[in-house]
Amino acid sequence: MMTKVRSSNLGYPRIGESREWKKALEQYWAGKLKKEALLDKINDIHLANLSKQKERGIDLIPVGDFSLYDHVLDTSVMFGLVPQRFQYSGGSVPLETYFAIARGTDEAVAAEMTKWFNTNYHYIVPELGDRDPALVENRPLQLFKQAREQLGIVGKPVILGPVTFVTLSKGYEPSTFADVVKQFIPLYCELLRELQQEGAEWVQIDEPVLSTTVTREQTALFHETYQQLTEAAPTIKLILQTYFDSVSHYEDIVSLPVKGIGLDFVHDDGQNLASLKQFGFPEDKVLAAGVIDGRNIWRADLGDKSTLLAEISEFVTPERLIVQPASSLLHVPVTVKNEPALDPVLLNALSFADEKLEEVVILTKGLNGGETVIQEKITVSRRAVQQLNQSAGRNNTEVREAIKQLDSTRAERQAEFSQRKKLQDEAFQLPLLPTTTIGSFPQTAEVRKQRLKWRKGELSTTEYEQYIRAEINKWIDIQEELGLDVFVHGEFERTDMVEYFGEKLGGFQFTKSGWVQSYGSRCVKPPVIYGDVVYQGPITVKETAYAQSLTTKPVKGMLTGPITILNWSFVRDDISRYETANQIALALRKEVSALEENGIHIIQVDEPALREGLPLKREKWQNYLDAAVYAFKLATTSVKNQTQIHTHMCYSDFKSIIGAIEALDADVISIETSRSHGQLISAFEDNTYNKGIGLGVYDIHSPRVPKPEELTRNIDRALRVLDPELFWINPDCGLKTRGTAETVAALQVMVEAAKQTREKL
Ligand code: GLN
Ligand code: ZN
């Protein structure tokens, strides 16, 4: 066939249907698998992943997206960018060194890890500056050859583009950005030339940075870069791929000297389609249209997608059109096939990676003249989506009514902070610089073992609850002995801070194998918010009130905030995310009242994920932050003036969102700071934050027990800019990953440091 629309994919989950990939890596790291055996297993998984895409009928199958850890790290080592602190003498980077950079060794700390754009995937931050980059191995080329030799697949190599790569890196002066990018251009040219020589036809070059806020000067750099890359390998069809939002400066970008442009038509708020309609699309280019959601798990209504593609087709002839997911499928689980236990209506409306590829192929067939063939599939998909939409779970009258009444629901505290503080000071009679912790105490192997036994039915609920009570008891005693001022119950009953709430609220379901890669071999299984979120009764009251009954010190209630629950789940897409956030907030509001009624007068609502939900484009931040603040306040403001609301944020990089943090109107916030103390304090110098604040005074991410001088130094530094009347002393995050002995020892040092500082004041 001559004029044929092609189907394509941008990236496929690495982990395998039963997380074989994770297991192999972890066995190898534990010394239980030899290197050759690891590579064999990994190779099998990789080939199986490619075969699956071929079997489903994808025309352009990505190669090179697969990784042993992370694709950004793959790019770094491909350029020989091994930080100086690791042994390396040039040439292709050995596997041991590759893992050492990612995971650290006794001698050298791991490279930093951070979030990949607005996803929950974390990449290893490249460190430039230690040595000059060189193309020490052509990884995409190796994988291209392997796919062809072993499976007869002429794949589409996927590479991370130079502008995005340098943007994600550290170790250079921002003012030299363009020069640093230019240093990489010859290497990319070489890489592409070699691919061309080997017969690669299509190459996908990812530049997701184009979906963030980009200046016009930066787009000039794109022109220069891509001019050179195209000249280096003129017969290669280079697709410049963007995703996660609309492309900035559409007109400039679609006129770049490349063969194709990949656009996201799912997460663009309609902007890419609007630009396409307004400016058209160059006649000499291929449009790779991302129409299937690569970030969420819902089955597509193929009727809607066909309509979208029909609109796009008005601007692009069939041979210049590629149908594909809107982003890599790395962010969704592998297949719904392994979820027989899910509610059938929900199951039928889900689509993971494998099913999404089928959707892409069906839509492509539809465009290639098989309209009648796909008509039936459209009907089936539409019915599946409608059935879920019409299900009782998505139409809870009470929740819908409460959402309608939001305008008349007060989302403000009764009095302002200064008045509340007076009342709270009187009520709690805490010393200056009160000490507390962030919520969780060590989840020892024993705690996890007991929970597992209970889940398997080997332990009755009464026995399990007794066990949890005993743990609470033990830790109330420890806190008593340590002399902390505000206690917590320890969160022993929780596996995960989102899952625990999801299990007790209506509107959530949990998959059996819905794993996605978070970082390295670590996978997470996000809850599925499929329906209206319903409060079904107290969630945390039993454990918290029990803890409070054991002591005269205040016990802090511990809830996960609405935005964190939202950001760490797969969220229904038939209503706006913000409406779901408000539904969660209304449920939490009931929990907050229940705690208050049961004698809990300090309540912490954690929002560690608030910052990571920020949209990629700066101009969309305010909307998001307003919605986040509103949801938080909806959850927390029903309380009396005397009740103290705390919140915890896991990050210290909050300078740019301080307005929103202030607007939360929490009585006390705690922020992670111990790893960047100086920087954080400086953020306060020019700010007027005037509510309670706990700056983490030691780093819980290390088992090391801090020295008293380190803590007093941190505290003194903070008190140079912060009012001692408002300052709290706490570790910088929850202690669930720590051991018991080190936790007790560290808290002892912390309480002692607080005492010493108080005496000096
Ligand atoms: N309260 C939670 C805990 O202590 C907070 C966890 C977090 O910040 N991610 O574990
Ligand atoms: Zn934290």
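Could you pull out which residues in region 113-133 have an amide N less than 17 Å from a spot 7 Å beyond the Cα of Thr213, following the Cα-Cβ vector?
So the set is 117-118.
Hey, got a sec? Which GluC sites (Glu not before Pro) in region 196-297 land in a DSSP loop and have at most 15 other Cβ atoms within 10 Å?
The qualifying sites are Glu198, Glu201, Glu283.
What nm distance separates the two modelled labels at Glu725 and Ala310, each placed 7 Å from Cα along Cα→Cβ?
6.8
Loop-only check: which GluC sites (Glu not before Pro) in region 353-424 are DSSP coil with at most 11 other Cβ within 10 angstrom?
When the GluC sites (Glu not before Pro) of region 353-424 are filtered for loop state and at most 11 Cβ neighbours within 10 Å, Glu412, Glu416 remain.
Can you tell me the FRET efficiency between Asp40 and Thr317 if r is taken as the Cβ-Cβ distance and R0 is 51 Å, rounded to the nearest 0.05?
Efficiency at R0 = 51 Å is approximately 0.70.
What value in Å³ per residue do you get for the convex hull of the alpha-carbon atoms in region 575-618?
77
Between Gln197 and Gln84, what is the label-point separation in nm under the 7 Å Cα-to-beta-carbon projection?
3.4
Rounded, prolate or oblate for region 446-511? Axes are the square roots of the Cα gyration tensor eigenvalues, ordered a ≥ b ≥ c, and the cut-off for rounded is a/c under 1.5.
Judged from the Cα gyration tensor, region 446-511 comes out oblate (a/c at least 1.5, b/c at or above a/b).
Given axes a ≥ b ≥ c from the Cα gyration tensor, I'd like to know whether region 372-469 is rounded (a/c under 1.5), prolate (a/b larger than b/c) or oblate.
Oblate, since a/c reaches 1.5 and b/c is not below a/b.
Which distance in nm do the two modelled labels at Glu96 and Lys456 give, with both placed 7 Å along the Cα-to-Cβ direction?
Output for this residue pair reads 3.8 nm.
Could you list, in their original order, any pairs among Lys35/Lys449; Lys145/Lys377; Lys556/Lys755; Lys115/Lys182; Lys474/Lys590; Lys41/Lys259 whose Cα atoms are separated by more than 27 Å?
Lys35/Lys449; Lys145/Lys377; Lys474/Lys590; Lys41/Lys259
Taking the mean number of other Cβ atoms within 10 Å as a proxy for protection, how do you rank 311-318, 177-184, 641-648, 609-616 from highest to lowest?
Descending mean neighbour count gives 641-648, 609-616, 177-184, 311-318.
For Thr636, Thr230, Thr511, which order do you get if you count the other beta carbons within 10 Å of each Cβ and list the fewest first?
By the 10 Å Cβ count, ascending, the order reads Thr230, Thr511, Thr636.
Between region 275-331 and region 483-497, what is the C-alpha centre distance in whole Å?
For region 275-331 versus region 483-497, the Cα centre distance is 48 Å.
With only Lys, Arg, Asp and Glu charged, each at its Cβ (+1 for the first two, -1 for the last two), find how big the charge dipole of the chain is about the Cα centre; round to the nearest 20 debye.
With only Lys, Arg, Asp and Glu charged at Cβ, the dipole is about 1260 debye.
So between Leu406 and Val534, what do we pick up on full extension, going 0.36 nm a residue minus the alpha carbon distance?
Difference between extended and current length: 44.5 nm.
Compute the separation of the alpha-carbon centres of region 575-642 and region 7-79 and state it in Å as a whole number.
Value for the Cα centre distance between the two parts: 38 Å.
Could you calculate, for region 4-162, the ratio of the Cα radius of gyration to the Kirkwood radius, expressed as Rg to Rh?
Rounded to two decimals, Rg over Rh is 0.97.
Taking 2.2 N^0.38 Å as the expected size of a compact globular protein, what ratio does the Cα radius of gyration of the chain give against it, to two decimals?
0.99
We did not get these values from a lab; they are worked out from the coordinates using the rules stated. Please read these numbers as outputs of a predicted model, since none were measured by experiment. Glycine also receives a Cβ, built like all others from the backbone with ideal geometry; neighbour counts cover every protein chain displayed.
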